[in-house]
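Each remark here refers to the structure printed beneath this line.
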Amino acid sequence: TGYMENSISYSAIEDVQLLSWENAPKYCLQLTIPGGTVLLQAANSYLRDQWFHSLQWKKKIYKYKKVLSNPSRWEVVLKEIRTLVDMALTSPLQDDSIHQAPLEIVSKLLSENNNLTTQDHESIIVAIAPLLENNHPPPDLCEFFCKHCRERPRSMVVIEVFTPVVQRILKHNMDFGKCPRLRLFTQEYILSLNELNAGMEVVKKFIHSMHGPTGQCPHPRVLPNLVAVCLAAIYSCYEEFINSRDNSPSLKEIRNGCQQQCDRKPNLPLRLLHTSPDLVSQEATLTESRLKPVIVTSNEIHVEVERNNTANQKMTAGVGNDSEPNLIDCLMVSPTCSTMSIELSAQADRILGCYVEILKMLSDYDDWRPALASLLQPIPFPKEALAHEKFTKELKYVIQRFAEDPRQEVHSCLLSVRAGKDGWFQLYSPGGVACDDDGELFASMVHILMGSCYKTKKFLLSLAENKLGPCMLLALRGNQTMVEILCLMLEYNIIDNNDTQLQIISTLESTDVGKRMYEQLCERQRELKELQRKGGPTRLTLPSKSTDADLARLLSSGSFGNLENLSLAFTNVTSACAEHLIKLPSLKQLNLWSTQFGDAGLRLLSEHLTMLQVLNLCETPVTDAGLLALSSMKSLCSLNMNSTKLSADTYEDLKAKLPNLKEVDVRYTEAW
């Protein structure tokens, strides 16, 4: 009776029983230990049963740990493992450790015995397979599985046992950073599928099984996990070269405990070796001004280490230490050398081909494409991969899929993630390191972006500054998209230089499609001059239920150079009418109450009607995406956003960026 004075070790318990005879103390357990017995009394039968099964579990686990720590014959060990697995599966206890403890025991057993045969490996994997259906394998067990995938990729164990394990990892894993060996195991499993006779067809079927037969994948974690595996695998193909470049620890060093920084060799600047003989002759003339370069040949990539590069020092002398080099500048080569020679080993080449193919498969699923585009928008690949012609050529398919998708959340990811950074648009445009065609992909990217880019004028300015030459060349070859771009540059007065304007006009008149569009532009300009000619009313109100066509017809009927106040309230106009509204030079007050005017039109107005003072958007379908564009309209003093999808954050942002704003109506919005 009373409390236990001394603890009892689980290994000392010989037997555990429930007291069930007549008149026995209620809710008691009897523990048999050397020298006697101990009775434990619980408060109720549920707690007593919980104690009973927990003690039995602990007692048996200690027994199996002892037996499997000193294996004699593997036939006996295998039998004990099967019994251990059965015990875990039949236990009434509901706890993660019930299944994890046997896996950890087996994992330790395998790590301490490296002389097992392949048959022993497969027998153990099959024995513990039932536990893996609802549990992630521990790190050491993942290493064992990786080894088996590398050594026996065609084993039936890979298909029958590992497939459900990898499927569970991809569906439920939340962060590969916390369990990198799960990612390595998934990576090796996919490579082993690629080694089968059907090769990529098997991988394709596996990807399809992860997506599911419906149009929408029911597992939101599958795509991010697959992309993480692909990125890590592609990085590993260039890892040796990257490490020799920046002297950073490899994944293998991280796994094995990275050496101290003081033990590592000092960083040496690297350049990719080029195949151009002219470059070699140029290098020979520079040997007097610097030390002779040391050529380092790895088994995957050839690199050149320069111990003293005075040219680079001069180039960067005028730039602050904190400035970050532009990605394309880092990858651009000299005019005498158009290609970079990167030699991957046969194994790395197979890995690269497999995982780039998986990215292509992922881009074929409509529901996955928006998230995939968002994940790839920051260009999460090493510079060495982007300088590798084979990689960029294969990845071009994915970029094309983005450029063909009409959804803005997809094709907008072709642009850089923020100002000053490069995006896929720059890499695959003429002059970019990944461009291997005559600008077809560039033209399709421009076409899709112009259709939805809310900063059309800014986008045109960027093209005029950086890509005017390619645009004119493609227009000269009859590309309709580029002809439209050149016409828009003239219409929006993007080009200031008179000679450049004349050159664009000559380019347009050199083709039939260009001549036709330029004539249409001239006609629009004549109509615009008539529209903007001084005269006409200062106030105008359209009847209710008027449409975009009605507004266009009205504005083409005379001069509206004096129009300052336009009311389109309770009409059926949409964002399409914005193309006509931006032509009104004196417009200061615009009423769009209860129309279908949306974000696209609002973005266009914000670029051209910077002098607008009063804007009524009450009961329109505008959202934060369009309302944020109003921050460039510094003259706004009255803004009605009543009953719109305005958020509180956007409202605070607008108040901070519009200094002249005095009257604001945000009733029936989140910001109210």
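Neighbours of Thr32, meaning other residues whose beta-carbon lies under 9 angstrom from its beta-carbon, give a summed charge of -2 when Lys and Arg score +1 and Asp and Glu score -1.
For region 3-136, lysine pairs separated by 8 or more sequence positions, or belonging to different chains, with Cα-Cα distances below 28 Å total 17.
The figure for Arg418 is an accessible area of roughly 140 square angstrom, using a 1.4 Å probe on the protein chains alone.
The heavy atoms of Thr117 offer some 70 square angstrom of accessible surface to a 1.4 angstrom probe. Listed by chain and number, the aspartates and glutamates placed with their C-alpha closer than 14 angstrom to that of Lys534 are Glu564; residues fewer than eight positions away on the same chain are left out.
Taking amide hydrogens as placed 1.01 Å from N in the peptide plane, the amide H of Glu343 sits under 5 Å from those of His302, each at least 5 positions away in sequence or on another chain.
Accessible surface calculations at 1.4 Å, restricted to protein heavy atoms, place region 496-579 at 58 Å² per residue.
Between Ile33 and Glu14, Val38, the built amide H atoms are under 5 Å apart, and every one of these is 5 or more places off in sequence or on another chain. In sequence order, region 607-614 has phi-based couplings of 7, 10, 9, 6, 8, 5, 10, 10 Hz under the Karplus curve 6.51 cos²θ - 1.76 cosθ + 1.60, θ = phi - 60°, and Gly or Pro positions carry x.
Taking label points 7 Å from Cα along the Cα-to-Cβ direction, Ser20 and Arg82 give a separation of 2.9 nm. Under the simplified labelling scheme, the Ala12-Lys655 pair shows an inter-label distance of 7.1 nm, with each label point 7 Å from Cα along Cα→Cβ. Amide H contacts of Thr541: Ser567, each under 5 Å away and 5 or more positions distant or on a separate chain (H built 1.01 Å from N in the peptide plane; Pro and chain starts excluded). May I ask which residue of Pro378, His388, Val433 lies farthest towards the positive end of the charge dipole of region 348-450, with charges of +1 (Lys, Arg) and -1 (Asp, Glu) on Cβ and the Cα centre as origin? Result: Pro378, furthest along the dipole toward the positive end. Cross-linked pairs Lys178/Lys204; Lys178/Lys657; Lys178/Lys383; Lys467/Lys529; Lys204/Lys467; Lys393/Lys645: Cα-Cα separations exceed 32 Å for Lys178/Lys657; Lys204/Lys467; Lys393/Lys645.
For region 535-665, what % of the accessible area comes from carbon and sulfur atoms, probe 1.4 Å?
Carbon and sulfur together cover 50 percent of it.
A straight chain from Lys108 to Asp49 at 0.36 nm per residue would run longer than the Cα-Cα distance by 18.2 nm.
Between beta-carbons, use under 12 Å as the cut-off and find the net charge around Pro470, counting Lys and Arg +1, Asp and Glu -1. With Lys, Arg at +1 and Asp, Glu at -1, the net is -1. The label-point distance for Arg524 and Gln501, in a model that sets each label 7 Å from Cα toward Cβ, rounds to 1.7 nm. Here the 3J(HN,Hα) profile of region 5-13, calculated from phi with Karplus coefficients 6.51, -1.76 and 1.60 at θ = phi - 60°, is 7, 10, 6, 10, 6, 4, 5, 7, 6 Hz, Gly and Pro shown as x.
Let's test the formula: R0 of 45 Å, r as the Cβ-Cβ distance of Leu93 and Asp367. What FRET efficiency results, to the nearest 0.05?
Efficiency, rounded to the nearest 0.05: 0.70.
Out of the total accessible area of region 391-455 (probe 1.4 Å, heavy atoms of protein only), what percent is carbon and sulfur? In region 391-455, the share of accessible area belonging to carbon and sulfur is 49 percent.
Across region 179-193, computed HN-Hα scalar couplings (Karplus, 6.51 cos²θ - 1.76 cosθ + 1.60, θ = phi - 60°) run 9, x, 5, 5, 5, 4, 5, 4, 4, 5, 5, 5, 5, 5, 4 Hz from first to last residue, x flagging Gly and Pro.
The values are calculated or read from the model by the stated rules, or taken from the named source; none is laboratory data. Because the structure is predicted, anything quoted here is derived from the model rather than measured. For neighbour counting, all protein chains shown are included, and Cβ atoms are generated from backbone atoms with ideal geometry for every residue, glycine included. These area figures cover heavy atoms from the full protein model, side chains too; ligands, DNA and RNA do not enter into them. Shrake-Rupley method; radii C 1.70, N 1.55, O 1.52, S 1.80 Å.
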